[in-house]
Structure formats: structure tokens, C-alpha cells
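Just below is one structure, and these are the notes that go with it.
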Amino acid sequence: MESRHVSIEIDRPEAEVYAFAANPANLPLWAAGLTGSIERVDDEWVAESPLGPITVEFAAHNDFGILDHVVTTADGRRFHNPLRVIGFGSDGGGGRSELVFTVRRLEGMTDEQFEADVAAVAADLATLKRLLEAGS
């Protein structure tokens, strides 16, 4: 399995980046793979995507900046998405953070498809950076 780490620096404290990115309600604001809606249905977050309805389950809130999430498609396929926010410096970042998303090549994915997936993640992280640095 091939992986690529896509990262971006954000001029915001780690706790702020974590709080915004960990809130599934904010996903449509920065994750272009969603079609603009997500809602809490019973105990799950359900979003519309080009693949149809998906559920998104984030790791439990934690003090380590872990924002891993599992996306489950309507046909039951599950995709684990490792995501971390890391503050710069021993003081929690001094107001700056790095967000790191690990993109995994799926079985049967061509080089072009993998590169497009990496580019889509980079664009999503850039959108998240713009939102956070603008004070959203």
C-alpha cells in the first residue's frame, strides 16, 4: 500500500484548528468531496457525496490532535483517513499548526487517480487554512 502525507501550515493555534476540523458540521465548508450537506442522524453523521450518502465517524476527542475519521459508503465500503493537527514548538505551537493528512492509494487505483486524490486533499487543506486564517 502506498501512502503520501499532504500537509499545510496554518497560522492558528493547534486547539483552534483541532476544534474546527473535528466538528463534522464544518466538513462541507472545506471538504469538496461532499455536496454541501451533512446532518446528524441518530448517532451518525450522514453526508451527501458523489458516491451517494456516506457516514463519517471521527476519532473520539483527544489531547493528541488525532482527527482520524472513517468514511463508510452506502454499499458498506469503509475508508480510514488518518489526519493530525500538530502545534509548532513545545508551547503548543505559539499560534501556528501543521495539519497532516495521509492519502492512501486504494487497490486498483491508477497513478493518475492517486495523484488526483492527493491534489484534492491538498485543495481541501488549503480551503481549511483559508477559513481558519480568516477567522471562521
**Complete:** Of the residues in segment 82-96, those that are in contact with a helix residue (DSSP H, G or I) (Cβ under 6 Å, 6 or more places away or on another chain) and modelled with pLDDT under 95 come to Gly87, Gly92, Gly93
**Condition check for Pro53: surrounded by fewer than 17 Cβ atoms within 10 Å (Cβ to Cβ), of a type outside the set (Phe, Trp, Tyr) and within 18 Å of Ala122 (Cβ to Cβ)** = no
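For residues in segment 49-70 being touching an Asp or Glu at 6+ places or on another chain (Cβ under 9 Å), hydrophobic (A, V, I, L, M, F, W, C) and assigned to a loop (DSSP other than H, G, I, E, B), which is nearest to Ala15 (Cα to Cα)?
We begin by selecting, within segment 49-70, every residue touching an Asp or Glu at 6+ places or on another chain (Cβ under 9 Å); these are 51-52, 54-59, 65, 69-70.
From what's left, hydrophobic (A, V, I, L, M, F, W, C): 51, 54, 56, 58-59, 70.
Subsequent filtering for residues that are assigned to a loop (DSSP other than H, G, I, E, B) retains 51, 59.
On the way: Leu51: 32, Ala59: 16 Å.
Checking each candidate, the answer is Ala59.
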**Prompt:** Just a yes or no: is a residue in segment 89-98 farther than 17 Å from Arg12 by Cα and of a type in the set (Gly, Ala, Ser)?
**Reply:** no
**Asked** Do we find that Leu34 is surrounded by 16 or more Cβ atoms within 10 Å (Cβ to Cβ), touching a Lys or Arg at 6+ places or on another chain (Cβ under 9 Å) and closer than 25 Å to Ala116 by Cα in this structure?
**Response** no
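Quick check on this structure: which one of Asp75, Asp117, Asp124 is part of a loop (DSSP other than H, G, I, E, B) and either surrounded by 16 or more Cβ atoms within 10 Å (Cβ to Cβ) or among the charged types (D, E, K, R) (or both)?
Numbers: Asp117 fails: part of a loop (DSSP other than H, G, I, E, B); Asp124 fails: part of a loop (DSSP other than H, G, I, E, B).
Criteria check complete, one pass: Asp75.
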**Asked** How about segment 1-29: which of its residues are under 16 Å from Arg84 (Cβ atoms), touching a residue at least 40 places away in the same chain (Cβ under 8 Å) and part of a helix (DSSP H, G or I)?
**Response** Glu14, Ala15, Glu16, Val17, Tyr18, Phe20, Ala21
**Asked** What's the number of the condition Glu98 fails, among (1) outside any loop (DSSP other than H, G, I, E, B); (2) in contact with a Leu (Cβ under 6 Å, 6 or more places away or on another chain); (3) surrounded by 17 or more Cβ atoms within 10 Å (Cβ to Cβ)?
**Response** (2)
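Among Ala15, Ala60, Ala25, Ala47, which is among the hydrophobic types (A, V, I, L, M, F, W, C), closer than 19 Å to Ala134 by Cβ and either under 15 Å from the mean Cα position of the chain (by Cα) or at pLDDT 95 or above (or both)?
Values: Ala15 fails: either under 15 Å from the mean Cα position of the chain (by Cα) or at pLDDT 95 or above (or both); Ala60 fails: closer than 19 Å to Ala134 by Cβ; Ala47 fails: closer than 19 Å to Ala134 by Cβ.
From the options Ala15, Ala60, Ala25, Ala47, the qualifying one is Ala25.
The values are calculated or read from the model by the stated rules, or taken from the named source; none is laboratory data. For clarity, every value in this text was computed on a predicted model and none was experimentally measured. Neighbour counts are summed over all protein chains in view; Cβ atoms, including those assigned to glycine, are modelled from backbone coordinates with ideal geometry.
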